[in-house]
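One structure is given here, and the rest of the page talks about it.
The values are calculated or read from the model by the stated rules, or taken from the named source; none is laboratory data. Note that the coordinates shown come from a computational prediction; the quantities given were computed from them, not determined experimentally. Here the Cβ positions follow ideal geometry from the backbone for every residue, glycine too, while neighbour counts run over all protein chains shown. Protein only, heavy atoms only, side chains kept; ligands, DNA and RNA dropped before computing areas. Shrake-Rupley method; radii C 1.70, N 1.55, O 1.52, S 1.80 Å.
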Amino acid sequence: MKDMQHTARTVIEAKGVNLVFETGDGPVQALKDVNLAVQKGDFVSFIGPSGCGKTTLLRAIAALEHPTGGSLTVNGMTPEEARKKRAYGYVFQAAGLYPWRTIARNVSLPLEIMGFSKSEQKERVERVLALVELSGFGNKFPWQLSGGMQQRASIARALAFDADILLMDEPFGALDEIVRDRLNEEVLKLWARTGKTIGFVTHSIPEAVYLSTKIVVMSPRPGRITDVIESPLPRVRPLDIRDSREFIEIAHRVREGLRAGHSDE
Amino acid sequence: MRNAGAILGVLLLILVLWYLGTIWLNAAWVYDQAARAGTEVGWRDLVFGTMAQERPVLPPPHQVLGELWQGVTSYAVTSKKSLVYHGYVTLTATFWGFVLGTGLGIVMAMGIVRSRTLDLGLMPWAIISQTVPIVAIAPMIVVLSNSLGLGDQLGVSNRLVSKTIIAAYLSYFPVLVGMIKGLRSPDPMQLDLLHTYGASVGQGFAKLRLPASVPYLFASLKVGIAASLVGAIVGELPTGAVEGLGARMLVGSQFGSPVMVWAALFAAAILAGVLILVVRAIESVVLQGMGVRS
């Protein structure tokens with residue numbers, strides 16, 4: 001998958017994107033003049049304090065919000081068209097598994113909706129459950145699994161229909177530090193194995209630096225990008241890379257970026 | 001079993017109060033009789049005199065239970081004197097009314113959740129429908145369904161049709177309210193997730209909204225089945241009082257037999273209890289099948 005870096009193809013491109021929410025208290029500028037290009041195979045983190053528009057940007061890429069200005073394309077199409085082409089899988093902060101379905105049937109939910117055949121559903125469910133190391137848990141109901149396992153199941157669900165782009169909105173925000181570390185490692189492995197492009201919203205600096213090839217630092221009121229950091233870290237990252245000089249330097253730059261965004265309020 | 005103790009305690013209290021009430025309310029008749037005969041009334045005469053009257057103001061529990069027992073066991077189940085027969089008649093109307101009302105409630109709720117226009121256009125009428133006293137509207141439904149002859153077309157009695165409509169009229173509302181809440185219970189994240197899959201509105205209902213509403217539905221069904229029974233009984237009152245528990249109550253009050261009214265009342269209450277137990281049993285089977293933690 002490494003050669004993909006060389007054949008860099010832009011999959012997500014934002015040019016001067018603005019997004020204004022009309023609220024009862026008047027318009028709120030959630031995104032202002034956002035410019036960004038994400039190459040195929042990138043792992044992009046969006047980091048910033050609440051209200052900086054990181055989730056809004058991810059949702060706009062997924063066609064869950066609609067920019068009020070500028071242009072936003074996914075695989076050269078509008079986000080809406082890209083959605084219809086099954087360009088992305090989305091993972092929310094909560095696993096959001098249906099309590100009345102087993103894990104396997106939860107994972108096959110998108111496949112049912114998209115009209116995959118029964119045999120193909122079965123085959124794909126087995127494959128993605130193995131990918132997130134949940135083989136053998138297919139017949140369990142969600143409440144029988146830990147929070148971390150539930151979130152892995154929801155990642156499997158997002159992977160089931162072979163989207164090229166995986167969008168994750170603070171997927172591990174509700175989990176404890178130890179589980180989170182392990183899942184971060186697993187996401188990196190998954191990314192290496194599948195070569196997907198990943199968009200990842202977080203408010204944890206170590207998480208962003210550990211995972212990403214590109215870190216997008218954002219700040220609020222109005223939501224905007226203040227810094228884009230291309231990470232020099234290698235693609236294969238053991239957990240102890242977090243003690244390396246480079247890691248600490250990048251984390252420092254992210255922190256500075258966040259602080260700068262705050263100081264001009 | 002501390003719970004059993006509490007339940008028995010309350011039951012005992014009710015029985016004691018009931019017996020005291022019986023003596024107090026039926027005493028006038030005993031004093032009347034004594035005054036005519038010119039005799040004195042001792043406390044013993046008072047207690048025994050109030051326990052076995054033919055037309056008591058308040059029949060004592062054992063008299064009601066005796067009548068109930070006799071009504072259930074002493075006659076063939078096809079006899080017009082059998083409470084089983086009358087119970088069956090009422091149960092039939094209750095069942096069809098419940099089925100019709102539940103179906104109507106679910107369909108209306110789906111329409112209201114789906115469309116803002118239906119929400120605004122239908123919901124006020126649904127609420128108004130429940131403020132109209134059912135005893136006022138029941139005779140009109142009877143007259144209407146008789147003159148339309150719906151029963152003849154369906155091959156059943158017009159009486160059953162009118163009772164079914166009245167039962168449905170009462171039972172659709174709790175189902176409607178519960179289902180609206182249930183269908184709207186999935187959070188925005190769940191709906192966004194379906195949106196990212198490009199799910200149609202129909203798929204949203206089939207995969208998410210309907211399964212999510214099942215617990216709400218069962219809560220409503222328990223209210224709905226009881227309401228349906230009330231509707232069936234009310235529907236029997238103006239139908240010429242021929243058959244059904246409602247008819248027994250009417251006959252009992254017209255012919256001055258409170259014991260008969262009370263026995264029919266108890267039969268109805270027991271029937272309601274059994275129906276709710278049945279719904280609850282179905283609920284536990286269904287919810288277990290849906291993976292609810294037991």
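I'd like the chymotrypsin sites (Phe, Trp or Tyr not before Pro) in region B:65-103 restricted to DSSP loop residues with at most 16 other Cβ atoms within 10 Å, sorted by number. Let's see the in-between values first.
Working: sites: B:Trp69, B:Tyr75, B:Tyr85, B:Tyr88, B:Phe95, B:Trp96, B:Phe98; in loops: B:Tyr75.
Loop-located and lightly packed - B:Tyr75.
Which of the residue pairs A:Lys196/B:Lys181; A:Lys85/B:Lys207; A:Lys84/A:Lys118; A:Lys32/A:Lys85; A:Lys118/B:Lys181; A:Lys140/A:Lys196 have a Cα-Cα distance greater than 31 Å in the structure shown? Walk me through the intermediate numbers first.
On the way: A:Lys196/B:Lys181 40 Å; A:Lys85/B:Lys207 21 Å; A:Lys84/A:Lys118 21 Å; A:Lys32/A:Lys85 28 Å; A:Lys118/B:Lys181 33 Å; A:Lys140/A:Lys196 28 Å.
From A:Lys196/B:Lys181; A:Lys85/B:Lys207; A:Lys84/A:Lys118; A:Lys32/A:Lys85; A:Lys118/B:Lys181; A:Lys140/A:Lys196, over 31 Å: A:Lys196/B:Lys181; A:Lys118/B:Lys181.
Per residue, what volume in Å³ does the Cα convex hull of chain A take up?
Numbers: hull volume 36.2 nm³, N = 265.
So the per-residue Cα hull volume is 136 Å³.
Select from B:Gly121, A:Leu111, A:Val179 the residue farthest towards the positive end of the dipole of the protein assembly as shown; place +1 on Cβ of Lys and Arg, -1 on Cβ of Asp and Glu, and compute about the Cα centre.
A:Leu111
Taking only Cα atoms, what is the 0 to 90° angle, nearest 10, from helix B:83-114's long axis to the longest principal axis of chain B?
Its long axis makes an angle of about 30 degrees.
Please report the net charge: other residues with Cβ closer than 15 Å to the Cβ of B:Thr90, K and R +1, D and E -1.
Taking every Cβ under 15 Å from that of B:Thr90, the sum is +2.
Exactly which trypsin sites (Lys or Arg not before Pro) in region B:42-83 are in a DSSP loop and have at most 14 other Cβ atoms within 10 Å? Don't jump to the answer; show the numbers that get you there.
Working: sites: B:Arg44, B:Lys80, B:Lys81; in loops: B:Lys80, B:Lys81.
Hits after loop and neighbour filter: B:Lys80, B:Lys81.
Could you give the accessible area per residue of region B:83-289, probe 1.4 Å, as a whole number in Å²? Please list the in-between numbers first.
Working: 9350 Å² over 207 residues.
That works out to 45 Å² per residue.
How are the Cα pair distances of the protein assembly as shown distributed, in percent, across 20 Å bins from 0?
17, 35, 23, 17, 7, 1
Using θ = phi - 60° and the Karplus curve 6.51 cos²θ - 1.76 cosθ + 1.60, what whole-Hz ³J(HN,Hα) does each residue of region A:196-210 get, with Gly and Pro shown as x?
Coupling constants for region A:196-210: 6, 8, 10, x, 9, 8, 8, 10, 9, 5, x, 4, 4, 5, 5 Hz.
Can you give the mean number of other chain Cβ atoms that lie within 10 Å of the Cβ atoms in peptide B:187-193?
Values: counts 3, 1, 6, 5, 1, 7, 11.
Taking all residues of B:187-193 together, the mean is 5.
May I ask for the angle, rounded to the nearest 10°, between helix B:210-236 and the longest principal axis of chain B, with both axes built from Cα atoms and the value confined to 0 to 90°?
40
What percentages, rounded to whole numbers, describe P(r) for chain B computed over all alpha carbon pairs with 10 Å bin width beginning at zero?
Computed distribution, short to long bins: 6, 20, 25, 22, 15, 7, 3, 1, 0, 0.
Hey, any idea what % of chain B's accessible area is carbon plus sulfur with a 1.4 Å probe? Write down the numbers at each step before the final one.
Working: 11140 of 15820 Å².
That fraction is 70 percent.
At most 16 other Cβ atoms within 10 Å plus a DSSP loop assignment makes a site exposed; report the longest stretch of chain B without any exposed GluC sites (Glu not before Pro). Let's see the in-between values first.
Details: sites that count: B:Glu40, B:Glu54.
With GluC sites (Glu not before Pro) excluded where exposed in loops, chain B gives B:55-294 as its longest stretch.
Helix-derived [θ] at 222 nm for chain B: sum -39500 (n - 2.57) over DSSP H runs of at least 4, divide by residue count, nearest 500? Walk me through the numbers before you get to the answer.
On the way: 12 runs with 230 residues, N = 294.
Rounded to the nearest 500, the figure is -27000 deg cm²/dmol.
Round to the nearest 10 and give me the degree value, 0 to 90, for the angle of helix A:245-263's Cα axis relative to the longest principal axis of chain A.
That helix lies at roughly 60 degrees to the long axis.
Report, to two decimal places, the Cα Rg of region B:59-174 normalised by 2.2 N^0.38 Å (N = number of residues). Could the numbers behind the result be given before it?
Details: Rg = 18.4 Å, N = 116, 2.2 N^0.38 = 13.4 Å.
After normalising by residue count via 2.2 N^0.38 Å, the value is 1.38.
Give me the net charge for the shell around A:Phe46: Cβ to Cβ below 13 angstrom, other residues only, Lys and Arg +1, Asp and Glu -1.
Details: positive: A:Lys54, A:Arg59, A:Lys214, A:Arg224; negative: A:Asp42, A:Asp169, A:Glu170, A:Glu207, A:Asp227.
After counting each charged neighbour, the total is -1.
When only DSSP loop residues count, what chymotrypsin sites (Phe, Trp or Tyr not before Pro) in region B:181-281 have their Cβ near at most 12 other Cβ atoms within 10 Å? Walk me through the numbers on the way to the answer.
Details: sites: B:Tyr197, B:Phe205, B:Tyr216, B:Phe218, B:Phe255, B:Trp262, B:Phe266; in loops: B:Tyr197, B:Phe255.
Counting only loop positions with at most 12 other Cβ atoms within 10 Å, the chymotrypsin sites (Phe, Trp or Tyr not before Pro) in region B:181-281 are B:Phe255.
With a 1.4 Å probe and all protein chains kept in place, how much accessible area does A:Val20 have, in Å² rounded to the nearest 10?
Roll a 1.4 Å probe over it and A:Val20 shows about 50 Å².
In peptide B:196-203, how many Cβ atoms from other protein chains are near each Cβ within 10 Å, on average?
6
Tell me the Rg and the Dmax, in Å, that the Cα atoms of region A:126-205 produce.
Rg then Dmax for region A:126-205, in Å: 12.2, 37.
When the expected Rg is taken as 2.2 N^0.38 Å, what fraction or multiple of it is the alpha-carbon Rg of region A:98-162?
Working: Rg = 10.5 Å, N = 65, 2.2 N^0.38 = 10.7 Å.
After normalising by residue count via 2.2 N^0.38 Å, the value is 0.97.
Between chains B and A, what is the buried accessible area summed over both chains (1.4 Å probe, protein heavy atoms, nearest 100 Å²)?
Approximately 2000 Å² gets buried when B meets A.
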